[in-house]
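The values are calculated or read from the model by the stated rules, or taken from the named source; none is laboratory data. Computed from a prediction, not measured in an experiment: that's the story for all the values here. So basically every Cβ, Gly included, is an ideal-geometry build from the backbone, and we count neighbours across all protein chains shown. With ligands, DNA and RNA removed, areas are computed over all heavy atoms of the protein, side chains included. Shrake-Rupley method; radii C 1.70, N 1.55, O 1.52, S 1.80 Å.
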Amino acid sequence: MKRDVAIVGAGYVGLPLARTFADAGTSVLLVDVDPARVAQLNAGESYIEDVPTEVLRPLVERGLVAATTDYDELREVDAILVALPTPLSRQREPDLRILVSAAAEISTRLRTGHLVVLESTTYPGTTREQVLPLLERGSGLSAGKDFHLAFSPERVDPGREDWTTTNVPKVVGGIDEGSTAAAAALYAKAIDDVHPVSSPEAAELTKLLENIFRSVNIALVNELAQLCDRMGIDVWEVVDAAATKPFGFMSFKPGPGLGGHCIPIDPFYLTWKAREFGFYTEFIELAGKVNESMPYYCRSVVSQALNHKRQRSLSGSKILVLGVAYKPDISDTRESPAVKLIGLLEKAGADVAYHDPFVPSFVENGITMSSSPLEPAGYDCVVIVTNHSGIDYDVLVEDSLLVVDLRNATGQNGTRSDKVWKL
């Protein structure tokens, strides 16, 4: 069966995007290197919370969504969208090996008339400087003449139901006017609002700006939280009070660090690229430094709480970390500060367990753990790292010996309780 669109990468971006096109009646082929994942998709079973099985299965049964490991099937589609991970190396530099490998595979299946759109977050210039030469070299075709090429950044926020792939505006920038028009026309079939920009570089930088904006403002309140601790002021009260101003202020909350694939990673793509132009993005790098240091600061908060409230040292204490997903009410643990904090607590000699109703087990950063029952009375301290909405925090405080609340999940009741120590 001929498909309209192929999406290379069937993860947190690719599968919701496939669902969006399929909902609009556009047939989609998902290409992924994992045979088990492909088999699961073809059985109509989802592993992404934003696309539940009861939504995916009818689309598969109607022939609107299918999956394969075979890149050869790309020859028959009209458009190829690339939604693959772009991680950082251990040296915090861009690692484009997954993307480059996929582009090389795509290039040998490219034909005249194809549209290729990169959605993976990356630094300005990647589409034109990295992907374009690979596609031309492998296909013998010319970008802009024989095939269209564009960049359109993903804007997925896992777990959200108000803003989805369908109604979040889609930024599109092609290597020429024809490529921009072709990409915009494709997305307009399934997405409510398409916003063309002048180039792929502008589109690439748009995505980075969005996440850098959040990173910098979160760093600001994280730094403020540390100052408030020294000054004896409740940072949560201050942020809530400032948020009453109806203009000129946007509320950001402090916390144990940043998680997810975007905010902890994307800013460093720009700082790396900026050095090519003899420019140092000190503001962005400072924000990254503050945010990356928060798990270390939160370890000291736990240590202080145990010392002052229970006259115990961190070493030898039994600690329950509540929540390891990087944000509430999802199962995603990518770059989760909870994992980093668990490692730091264990290194300090604590006996650490975790409870997370969304994450039955995880393997991250050399740590393998399974979720324990929520029995707070059995621990010297419960540390709230992810504020899942299904937890009764009043009961938690009542049943605990000590709670360290890094998310203000316990609210005013926690502020008034002698058992609660807040960030």
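Of note:
- Looking across the range 334-358, the residues that are surrounded by 22 or more Cβ atoms within 10 Å (Cβ to Cβ) and assigned to a loop (DSSP other than H, G, I, E, B) come down to Ser336, Ala350, Asp356.
- Checking each residue in the range 306-332 for being touching a residue at least 40 places away in the same chain (Cβ under 8 Å) and either of a type in the set (Lys, Arg) or open to solvent by 10 Å² or more (accessible area, probe 1.4 Å) (or both) picks out His308, Lys309, Arg310, Arg312, Lys318, Tyr326, Lys327, Pro328, Asp329, Ser331.
- Count of the range 246-272 residues which are outside any helix (DSSP H, G or I), in contact with a Pro (Cβ under 9 Å, 6 or more places away or on another chain) and open to solvent by 20 Å² or more (accessible area, probe 1.4 Å): 2
- Condition check for Leu41: part of a strand (DSSP E or B) and closer than 18 Å to Thr165 by Cβ: no
- Arg57 assigned to a helix (DSSP H, G or I) and either in contact with a Lys or Arg (Cβ under 9 Å, 6 or more places away or on another chain) or among the charged types (D, E, K, R) (or both): yes
- Of note, Ile212 satisfies the criterion of being open to solvent by less than 60 Å² (accessible area, probe 1.4 Å), among the β-branched types (Val, Ile, Thr) and more than 24 Å from Ile80 (Cβ to Cβ).
- When Leu81, Leu17, Leu88 are checked against the criterion of being touching a strand residue (DSSP E or B) at 6+ places or on another chain (Cβ under 7 Å) and either surrounded by fewer than 18 Cβ atoms within 10 Å (Cβ to Cβ) or modelled with pLDDT under 95 (or both), Leu88 stands alone in meeting it.
- Subset of the range 390-423 [closer than 19 Å to Pro337 by Cβ and either among the basic types (Lys, Arg) or touching a residue at least 60 places away in the same chain (Cβ under 8 Å) (or both)]: Ile391, Val404, Leu406, Arg407, Asn408, Trp421, Lys422, Leu423
- Qualifying positions in the range 395-412 - in a helix (DSSP H, G or I) and either touching a strand residue (DSSP E or B) at 6+ places or on another chain (Cβ under 8 Å) or among the acidic types (Asp, Glu) (or both): Leu396, Val397, Glu398, Asp399
- Each residue in the range 400-423 was checked for being under 23 Å from Phe358 (Cα atoms) and open to solvent by 70 Å² or more (accessible area, probe 1.4 Å), and 0 of them qualify.
- Some residue of the range 114-131 being at negative phi, open to solvent by less than 70 Å² (accessible area, probe 1.4 Å) and without any contact (Cβ under 8 Å) to a residue 24 or more places away in the chain: no
A quick yes/no check of all residues on (1) open to solvent by 30 Å² or more (accessible area, probe 1.4 Å); (2) closer than 30 Å to Leu258 by Cα; (3) at pLDDT 95 or above:
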{"residue": "Val156", "(1), (2), (3)": "yes, yes, no"}
{"residue": "Asp162", "(1), (2), (3)": "yes, yes, no"}
{"residue": "Gly174", "(1), (2), (3)": "no, no, yes"}
{"residue": "Gly178", "(1), (2), (3)": "yes, no, yes"}
{"residue": "Ala183", "(1), (2), (3)": "no, no, yes"}
{"residue": "Ala188", "(1), (2), (3)": "yes, no, yes"}
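- Of the residues making up the range 372-382, one or more are in contact (Cβ under 8 Å) with a residue 40 or more places away in the chain and part of a strand (DSSP E or B).
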